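The values are calculated or read from the model by the stated rules, or taken from the named source; none is laboratory data. Everything numeric here is computed off the predicted structure, so don't read it as measured data. Note that we place each Cβ from the backbone using ideal geometry, even for glycine, and neighbour counts take in every protein chain shown.
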Amino acid sequence: MKKIILFGLILIVSININSQENNLFEENPKIKAGVGLFIPQGELTKYFGTSPYFEISSDFPFFKKDIFGIGLQFAVPTQKKEFTYRRTIDTLKAKSTFMANIVFYLKKNILEKSKTVINFRFGIGASGIQTNARNPFYTGKEDEDKYEMISSILMNPSLEFVKKLKNKTELTIALGAQYSPYKIEGAVKEDIGSFAITPKMLFTF
């Protein structure tokens, strides 16, 4: 989990610095940060409730209206029910304690008027859930995870409404979806679901 967060933050910062120094994109990169809700759907509602959701992302405009970006998303899941976690040495009940996603996305400007923009964004990346199950092979080394992880691929489409404010500040209201089939990793014995809605509000700074 720490590696996902650290890798994403380093990537966002380094690309921003290099872009500004070398003029890699037509406009300066934009950093956005905000909050929202992680709202499980379908089977996922049996295990998780609605939870607070946080995102930090950076947009890199090119070809005027097309945007490439990278985002980090976090949630502290509200656990309703334990799931069965299967390991090589045993099987146990576990709860989630933290969720982190890293997503790379393309964004398309579909409507623009003076100070209002509507974008469609599609992202793909990875999602990781840290559980409260201790790693039986943990020895205290820096590169080891103390707790077991569940990981999955991530698909993350969303529709964004952007309002341009003063001094290049922007307010973004977005409605997104998260598809992460956690069952495919094999560590989770039952299908805990894969789909959630993620409304959020972000500020550009």
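The listed residues are 184, 118, and the only one of them that is at pLDDT 90 or above and loosely packed, with under 15 Cβ neighbours inside 10 Å turns out to be 118.
When residues of the stretch 98-131 are filtered for being among the charged types (D, E, K, R) and under 17 Å from residue 57 (Cα atoms), how many remain? Adding up the residues that qualify gives 3. Listed by first and then second residue, the pairs linking a residue in the stretch 120-131 that is more than 23 Å from residue 79 (Cβ to Cβ) to a residue that is of a type in the set (Val, Ile, Thr) and surrounded by fewer than 16 Cβ atoms within 10 Å (Cβ to Cβ), with Cβ atoms under 8 Å apart and 6 or more places separating them unless they lie on different chains, are 120/110; 124/153; 125/153. Within the stretch 40-62, the presence of at least one residue that is at pLDDT below 70 and surrounded by fewer than 16 Cβ atoms within 10 Å (Cβ to Cβ) is confirmed. Is it true that residue 160 is within 27 Å of residue 42 (Cα to Cα), charged (D, E, K, R), within 17 Å of the chain's Cα centre (by Cα) and modelled with pLDDT of 75 or more? Criteria met by residue 160.
The single residue among 104, 98 that is out of contact with any helix residue (DSSP H, G or I) (no Cβ under 7 Å at 6 or more places or on another chain), free of Cβ contacts under 8 Å to residues at least 60 places away in the same chain, under 27 Å from residue 145 (Cβ atoms) and surrounded by 14 or more Cβ atoms within 10 Å (Cβ to Cβ) turns out to be 104.
Residue 75 fulfils the conditions (1) modelled with pLDDT under 80; (2) closer than 18 Å to residue 197 by Cβ except for a single criterion, (1). Of all the residues in the stretch 133-144, those that are within 30 Å of residue 81 (Cβ to Cβ) and either modelled with pLDDT of 85 or more or loosely packed, with under 15 Cβ neighbours inside 10 Å (or both) number 6.
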